[in-house]
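All remarks here apply to the structure that follows.
Every number here is computed from the coordinates shown, using simple stated rules; none is lab data. Source: prediction; values computed, not measured. Neighbour counts are summed over all protein chains in view; Cβ atoms, including those assigned to glycine, are modelled from backbone coordinates with ideal geometry.
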Amino acid sequence: MKFEEMLLKRESCRSYLDKAVAKEDLIKIAEAGRLSPSGCNAQPWKFMIVNEPEALEKLRDALVLSNGGTGAPWRDQCSSYIVIVEQKANVMQAVLDYYGDSQRFAQGDLAMACLNMCYQAMDLGLSTCIIGMNDQKKMEANFGIPADNIVRLVLAVGYAEEKEPRRKIRKAFDKVVCFNEWK
Ligand SMILES: Cc1cc2nc3c(=O)[nH]c(=O)nc-3n(C[C@H](O)[C@H](O)[C@H](O)COP(=O)(O)O)c2cc1C
């Protein structure tokens with residue numbers, strides 16, 4: 001599939017078929033994350049694949065916030081997830097000197113890795129949904145993730161029903177792109 005077609009066809013999937021994703025495919029998807037670019041090549045990430053029943057229960061629990069809110073009311077339908085965790089970034093001294101923050105690029109790095117994983121999944125015939133909200137305390141308690149390792153995103157991965165892609169709802173091109181001057 002051409003990249004332009006992938007751009008139009010990738011969409012967040014919130015309804016999954018009852019069909020397991022092969023471990024090899026999950027490994028390929030995580031590999032796409034691992035190969036992603038990052039500021040200072042710091043690779044401030046760890047990817048936890050969750051696809052076994054007990055771990056899935058713990059993950060689904062952590063996708064519900066302590067106030068009961070969730071970004072994934074459909075979480076029981078999906079049986080493979082990749083938890084994307086931010087770790088301390090070993091960046092160049094110049095970055096630390098200027099920004100005073102080793103994590104300056106980290107969230108951008110994780111987002112790029114996440115999107116690469118989305119497209120790798122798509123190339124394997126799989127669908128994804130990025131989930132932004134999770135309960136960090138539950139992630140720590142349920143999986144032993146250290147408190148300074150922040151779970152930024154969780155990627156749901158699975159098979160979707162064949163259907164026409166939704167129309168993309170996006171801001172107009174000239175609202176978000178300008179040339180040579182700030183408009
Ligand atoms: C950082 C981030 C967090 C997101 N969190 C959620 C979420 O918690 N639940 C959900 O269903 N979709 C979530 N999404 C998916 C967005 O709602 C979706 O990308 C957006 O509406 C555009 O639709 P599309 O992905 O189908 O093109 C998230 C996307 C991003 C990039």
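Computed about the Cα centre, the dipole magnitude for segment 3-176 is approximately 460 debye when only Lys and Arg (+1) and Asp and Glu (-1) carry charge, each at its Cβ.
When each of the peptides 145-151, 19-25 is scored by the mean number of other C-beta atoms lying within 10 Å of its residues, the order from highest to lowest reads 145-151, 19-25.
When only alpha carbons are used to place a centre, segment 131-183 and segment 1-62 end up 11 Å from one another.
For segment 3-176, list log₁₀ I(q)/I(0) at each q in 0.09, 0.11, 0.13, 0.19 Å⁻¹, using the Debye formula over Cα point scatterers of equal strength and ignoring solvent, two decimals each. Listed by q, the Debye log ratios stand at -0.33, -0.50, -0.69, -1.29.
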